[in-house]
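Comments concern the structure below.
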Amino acid sequence: MSDLNIKPFSMFFDLKTGLSREQQPTRRTLSNMKGMYADAAAFEAALKANDELVYEFYELKLPETPGDLLFGSSIVYPGKVGNEYFMTKGHFHAILDTSEVYYCLSGKGYMLMESPEGDWDAKPMTPGEAVYVPKRYAHRSINTGNERLVTFFVFRADAGHDYGTIEANGYRKLIVEKDGEPVIVNNPRWK
């Protein structure tokens, strides 16, 4: 489909669950998250116990053309690997100068962000909070609550995704549970 063929449309997303009855989700289980968690032994133990669903997302299938927008919903399930919360893999955009907006529909968590230059930030996400991810920042949703963290997102359609940099290097910071609360710590495995 060329960008000239895109007509006005609407799409349903449940405001509580993030589920769409019009799109099929992409699902990531623990086995898809190998290398994402700092504690490799805790990861292997969790995976052996159950290949749990960690997160899923619903995204439009539109041409990746300049001037168009992609949007969808992301659902991160509650859980932990060791003391590290369930999270998305996280990514840079292939077009690094791409911003993205996430709007929290339900749940509780953080958006962890960092730039190639070493700047980082972690913004709390609760229902009604919108998080602006600036261009040049990798970003990852982290569920620190006991229910699903559901967000709605939008970004430029031709931005693409660079998961490889995060898979190879990780993030500089981790959000882990300590004394029942989320805390930000340095990632001992960051490269």
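The values are calculated or read from the model by the stated rules, or taken from the named source; none is laboratory data. Everything quoted here is computed from the prediction, not taken from an experiment. Here the Cβ positions follow ideal geometry from the backbone for every residue, glycine too, while neighbour counts run over all protein chains shown.
Observations, loosely collected:
- Positions within the stretch 42-76 being surrounded by fewer than 16 Cβ atoms within 10 Å (Cβ to Cβ), touching a residue at least 12 places away in the same chain (Cβ under 8 Å) and small (Gly, Ala, Ser), in sequence order: Ala42, Gly67
- Looking only at the stretch 64-91, and only at residues there that are touching a Phe, Trp or Tyr at 6+ places or on another chain (Cβ under 8 Å) and farther than 24 Å from Glu177 by Cα, the one that is modelled with the highest pLDDT: Ser73
- Long-range neighbours under 8 Å by Cβ, at least six apart or interchain, first residue free of Cβ contacts under 8 Å to residues at least 60 places away in the same chain within the stretch 9-35, second among the aromatic types (Phe, Trp, Tyr) and in a loop (DSSP other than H, G, I, E, B): Leu19/Phe13; Ser20/Phe12; Ser20/Phe13; Arg21/Phe12; Glu22/Phe12
- Listed by position, the strands (runs of 3 or more DSSP E) inside the stretch 115-191 whose residues that are within 21 Å of His93 (Cβ to Cβ), over 14 Å from the mean Cα position of the chain (by Cα) and among the charged types (D, E, K, R) number at least 3 form an empty set.
- Members of the stretch 94-107 that are more than 13 Å from the chain's Cα centre (by Cα) and of a type outside the set (Ser, Thr, Tyr): Ala94, Ile95, Leu96, Asp97, Leu105, Gly107
- Odd one out for Lys7, checked against (1) charged (D, E, K, R); (2) surrounded by 13 or more Cβ atoms within 10 Å (Cβ to Cβ); (3) modelled with pLDDT under 90: (2)
- Given (1) closer than 25 Å to Ser31 by Cβ; (2) among the β-branched types (Val, Ile, Thr); (3) at pLDDT 95 or above, index of the condition Ile166 fails: (3)
- Just one residue in the set Glu181, Glu100 is among the acidic types (Asp, Glu) and surrounded by fewer than 16 Cβ atoms within 10 Å (Cβ to Cβ); that residue is Glu181.
- Residue in the stretch 136-148 that is crowded, with 19+ Cβ neighbours inside 10 Å and touching a helix residue (DSSP H, G or I) at 6+ places or on another chain (Cβ under 9 Å) present: yes
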